[in-house]
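Some notes on the structure that comes next.
The values are calculated or read from the model by the stated rules, or taken from the named source; none is laboratory data. Every value quoted in this text rests on a predicted model; they were computed, and no experiment measured them. Don't worry about glycine lacking a Cβ; one is built from the backbone with ideal geometry, like all the others, and counts go over all protein chains shown. Only protein heavy atoms, including side chains, enter the accessible area calculation; ligands, DNA and RNA are left aside. Shrake-Rupley method; radii C 1.70, N 1.55, O 1.52, S 1.80 Å.
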Amino acid sequence: MIEPKRVLRALAEHWALLEPLCEHFDQGTLSLSELRQQLGAQQIDSTAQDITALLDVWIRLDILVPVAKSPNRFELNAQIHDFLAYLRREHRLGLCLEIEAYLRHLERLAEHIQQAFDIRDGNDLARQLRLLDMRVRDVLKKLANDEQALVSVAERAKTSDRQIPLRQRYAEVLATWDEYVEPMINLVNADGAFEQGVRKVENVLLRLLGEQQRLGHLVDDDMLLRTHARILEMQTSAQLTLRHARELLLPLREEARRHNAVTRGAALALAAIRRKGIDAVPQAAMPMFTRPQSTFLGSASQVEAYVYALARFEPKPAQFPRAHKVPKSGEPPRAPRTVKEMLDRCEDALPLPDLMVWLLEQEPTGATDELLYWFSRLSRDKRFSRQRLERQDYSTREHRVSLQSFALLNSADATPGTVSEPSEQPSASTPHAS
């Protein structure tokens, strides 16, 4: 067991030597020779025996701990390392999964509280409420630590060396966003696990307050109210931490993404210019500075929303009419004419002095494109012999069509002077709305 007084006395006595070593231990372990070198650089007047005696004291007090399977390498004791990090106001970003695990534990404690109240066990109920209060305080401490760690991440990215590429400078920011901020957003949103867990625990505490008024007090109401207030504080703290994280890291993340896109495009353009000259770059990709821009593209948020809408575009489903749907006029729906039916009707009506006039009589309410289809189909059938007529205008329900119609005869009854013209499409002028 570590003796607190001796350890604290040693930390206070050798703080000037231990504080610089903390940065080295943050990067990993140190060998015995490296420790001697670091202490020798700080204590120039000390001899090798003095440094050895100092290291022996630190090892005997468990301030330095040998690494497993590497007895010649040492690291700071984990508890002392955390204590020194707290004194130096250092914060290490935790995992979002830790908060989720805390929430699962809070839900289990809420179930135990409800069970203890159901069996009227006051001692167990008080114990479970104390545990619940301790876990909520643990979540609050973790959220405060994570918020300070996020501030440190942003400060390191802003104050790092300007000579290194932006992708390397902001690597920690991008990793923090992917590994902490995005999972935290999914956890704290309206239908996330955080809100659901807090709601469950809050409902249990509020139900206990009401039941105690009705059935009698097992624990003090102040304990329930204090725990409930701390849970609400935890909920607010999580939302504020997430908002602060987004305000800190989102601009840096967007800057890195924009810089990467511009750098990639510039590299491709320069490579093309080096190989084939300036003419190799498409003119559409080169900005024109001879005239002012006349098209307003909108702000960055509008462009992002537009691109997002394009990426998530889904066509609207086609709405087909139902089989039992009745037209507005009240008439029952009429099935479309088949080719065989139209050919038989046309053959029965032969001879036809004017095919288009006959079609208009048969289909007075037919659409223009449907009438033209039947005109082309019947006039090209081999069982009919046709004679071209003069061009004239025909009025359909929707348009006025100008074309050269045909007179149809049966091929068997055709006179020797009748000539069957080759099949061709009817020539019609552009329809005009009637």
Discussion item. Working only with C-alpha atoms, what are the Rg and Dmax values of region 5-148, expressed in angstrom?
Written reply: 21.8, 71
Worksheet item: For region 60-75, what does the Karplus curve 6.51 cos²θ - 1.76 cosθ + 1.60, with θ = phi - 60°, yield as ³J(HN,Hα) per residue in whole Hz, taken in order and with x for Gly and Pro?
Response: 5, 8, 6, 6, 9, 10, x, 6, 4, 6, 9, x, 8, 10, 10, 9
Worksheet item: Where in region 43-70 is the amide nitrogen less than 20 Å from a point lying 7 Å along the Cα-to-Cβ axis of Ala16?
Response: 43-58
Response to the item:
Karplus ³J(HN,Hα) for region 221-231 (6.51 cos²θ - 1.76 cosθ + 1.60, θ = phi - 60°; Hz, whole; x = Gly/Pro) runs 4, 4, 5, 5, 5, 5, 5, 5, 5, 5, 5
Worksheet item: Residue separation times 0.36 nm, minus the C-alpha to C-alpha distance between Ser33 and Glu255: what's the value?
Response: 75.6 nm
Worksheet item: Length gain on complete extension for the stretch Arg104 to Met223, per 0.36 nm per residue less the alpha carbon to alpha carbon distance?
Response: 40.7 nm
Worksheet item: In nm, to one decimal, how far is the Leu310 label point from the Val67 one, both placed 7 Å along Cα→Cβ?
Response: 5.2
Worksheet entry | For region 30-62 versus region 192-245, the gap between their alpha-carbon centres in whole angstrom | 52
Discussion item. Assuming 0.36 nm per residue, please report the length gained on full extension of the stretch Arg345 to Gln362 beyond their Cα-Cα distance.
Written reply: 5.2 nm
Fill in: Carbon plus sulfur fraction of accessible area for region 134-214, probe 1.4 Å, in percent
47
